[in-house]
Amino acid sequence: MERDSGRTGLLGLLRASGAGNTRCADCGAPDPEWASYTLGVFICLNCSGIHRNLPEISRVKSLRLDFWEHDLVEFMKKHGNLCAKAIYEAEVPPFYYVPQSKDCLVLREQWIRAKYERKEFVATSISHDACTSGSREGFLWKRGRDSKQFLPRQFILSARDGVLKYYTKESKGPKAVISIKDLNAMFQTEKIQNSHGLQITYSEGGQTRNLFVYHESGKEIVDWFNAIRAARFHYLRTTFPTAPESELVPKITRSYFKEGYMEKTGPTDAFETGRVIIGSKEHGYEVRASLPRGVKGRRWKAGLTIVTPKREFVFACENDREQKEWMEALNEIISQPMTA
Ligand code: ZN
């Protein structure tokens, strides 16, 4: 009987709205069925696996399968997700990437470790100024452009100077000086075939370039990612000083980025640059899931048209699924309001 009442009590607490317990405390996944009875948080199955690796800090039990002693139930009642958030997420800097359930493991694990193990965001900890946080120096394994072999390279990020530089052993000066202005970083673990793989994208002479890097330490690579985000945030804040923070944060890095091939079709003109600048809906940009009348894809039939104020760009996708994914990615960009 004791066992049943404990379980019902907990599940009742779980369902209680307003306590923040209807979603995982760490990744926001709905209906968490696990809990850390040392931290007093309700978490999902995936996050419970990460907590299990931190036995010094967190002990987990299943809400459904495990026995809950009376005092543990009382502890959970007194604590809960909102309470833990107030303590462990008191000072999460605006540029810090807070992962969701769909994000890769290294991001979710380092978020949990940063929160509970290193207590990086509890109140009265060191300040998270975007300028200082956006400066970093160290080695990353970088994939060679031609050899595809990973070699250690020294990287220097400076939010103050607005640049990311990297050096090869041989070169005296930096091998590349990359402006923070149009830099993007995103975890691409499958593509890079490394669970800590980070893709850094920038533009150089009108061309898109990629750096593929990783670090053996999950903490290092996530710290690099957030340092890049801090530098981007610093840049955005100084460039658009009047824009509210809520408008700048979604622009720090993009993860909806879609990469792949579409067949360019339709009329070509003298100003082919290989790039289509995409703006927001309010500025007359639009994406249509069709080809204009009279235009046919050469090899591929699933078309889409990007309408800009000046002209229309016509692309053909390999199949309907590709077309759908491109439409989603493009619509996400178009629906974002423009800052300047
Ligand atoms: Zn979770």
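The values are calculated or read from the model by the stated rules, or taken from the named source; none is laboratory data. It should be emphasised that the depicted structure is a prediction, and the values quoted were computed from it without experimental measurement. Glycine gets a Cβ as well: all are built from the backbone with ideal geometry, and neighbour counts include every protein chain shown. These accessible areas exclude ligands, DNA and RNA; they are computed on the full protein's heavy atoms, side chains included. Shrake-Rupley method; radii C 1.70, N 1.55, O 1.52, S 1.80 Å.
Centre-to-centre separation between the Cα atoms of the stretch 35-65 and those of the stretch 196-215: 36 Å.
With the whole protein complex present, I87 retains an accessible surface near 80 Å², based on a 1.4 Å probe. Helical runs assigned H by DSSP (4 residues or longer) give the chain a calculated mean residue ellipticity at 222 nm of -8000 deg cm²/dmol, each run adding -39500 (n - 2.57) before division by the residue total.
Dipole check for the stretch 143-188: with +1 at the C-beta of Lys and Arg, -1 at the C-beta of Asp and Glu, and the Cα centre as origin, the magnitude is about 120 Debye. Ranked by the mean number of other Cβ atoms within 10 Å of their residues, highest first, the peptides 232-240, 105-113 come out as 105-113, 232-240.
The loop-placed chymotrypsin sites (Phe, Trp or Tyr not before Pro) in the stretch 55-93, going by DSSP, that have at most 13 neighbouring Cβ atoms within 10 Å of their Cβ come out as F67. Rolling a 1.4 angstrom probe over the protein heavy atoms with all chains in place gives the chain an accessible area of 54 Å² per residue.
One chain, two ends: D146 and S280. Fully extended at 0.36 nm per residue, the span grows by 44.6 nm beyond their Cα-Cα distance. Placing a pseudo-label 7 Å from each Cα along the Cα-to-Cβ vector at Q100 and E318 gives an inter-label distance of 2.6 nm. Of the accessible area of the chain, computed with a 1.4 Å probe over protein heavy atoms only, carbon and sulfur atoms account for 51 percent. Taken over the chain, the ratio of Cα radius of gyration to 2.2 N^0.38 Å equals 1.17. Under 5 Å between amide hydrogens, built in the peptide plane, is the criterion, and for A185 it picks out T201, R254 among residues at least 5 positions away or on other chains. Helices assigned as whole DSSP H runs in the chain whose Cα atoms extend at least 27 Å along their own long axis and whose mean Kyte-Doolittle hydropathy is -0.5 or higher are found at 218-239.
A straight chain from Q154 to E137 at 0.36 nm per residue would run longer than the Cα-Cα distance by 5.4 nm. Net charge dipole, the stretch 2-117: roughly 200 debye, given to the nearest 20, about the Cα centre with Cβ charges of +1 for Lys and Arg and -1 for Asp and Glu.
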